[in-house]
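I have placed the structure first, in the form of structure tokens, so that the comments after it can refer back to it.
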Amino acid sequence: MRFYAVIDTNVLVSAMLKWESTPGSVLELALDGPIIPVLNEAILTEYREVLLRPKFHLTPDIVTDIINSIREVAVFVDAEHIEIDLPDPKDLVFYEVVMEKRKETDACLVTGNIKHFPSKPFIVTPREMLDIILKKMDM
């Protein structure tokens, strides 16, 4: 079973800073498991820019490796613009991509900032994403 998921940058950063964590498990499943990352070039650019911030102490080689690994397994989506007010306008691209993918199949938006998005059952925390996978795989 495959699970399409747009992974918010905060989940990726948390995974990179602490691999042995719930976000780390989500990223691991996205790189080598049932989660298929859904994104576009704008999301990849944000991933790279944020991961390269000096405060995270990630080398350019590590960032390039993780971006390339994600790119290899991801599904790219050209999303239509959506008129919606979000607390952080930079989050709009994640919402647009998940909504575009949902036109053809189920997809989740995995975020650590659940309050930054509308309350929808497909907008989930990393823990909720893992629970969805476990529940479906037990069936």
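The values are calculated or read from the model by the stated rules, or taken from the named source; none is laboratory data. The structure displayed is predicted, hence computed values, not measured ones. Note that each Cβ is placed from the backbone with ideal geometry, even for glycine, and that neighbours are counted across all protein chains shown. Quick note on the areas: whole protein, heavy atoms, side chains included, nothing else; ligands and nucleic acids left out. Shrake-Rupley method; radii C 1.70, N 1.55, O 1.52, S 1.80 Å.
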Surpassing 26 Å at the alpha-carbon level, of the pairs 55/135; 55/101; 55/90; 90/120, are 55/135; 55/101
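Can you pull the percent of segment 1-127's accessible area that's carbon plus sulfur, 1.4 Å probe, other chains left in place?
Carbon and sulfur together cover 50 percent of it.
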Write down the accessible area per residue of segment 1-81 in Å², having rolled a 1.4 Å probe over the full set of protein chains.
53 Å²
Run lengths n ≥ 4 of DSSP H only: what is the helix-derived mean residue ellipticity at 222 nm for the chain, with -39500 (n - 2.57) per run over all residues, to the nearest 500?
-15000 deg cm²/dmol
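Counting other Cβ atoms within 10 Å, which trypsin sites (Lys or Arg not before Pro) in segment 4-106 have at most 15 and lie in a DSSP loop?
Here the sparse-neighbourhood loop sites are 18, 103.
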According to the square roots a ≥ b ≥ c of the eigenvalues of the Cα gyration tensor, what is the shape class of segment 1-138, taking rounded for a/c under 1.5, prolate for a/b larger than b/c otherwise, and oblate for the remainder?
rounded
So which GluC sites (Glu not before Pro) in segment 1-70 end up in coil per DSSP with only 14 or fewer other C-beta atoms within 10 Å?
20
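Loop only per DSSP, at most 13 neighbouring Cβ atoms within 10 Å: give me the GluC sites (Glu not before Pro) in segment 56-98, ordered by residue number.
80, 83
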Whole-Å distance, taken between Cα centres, linking segment 6-41 and segment 105-124:
14 Å
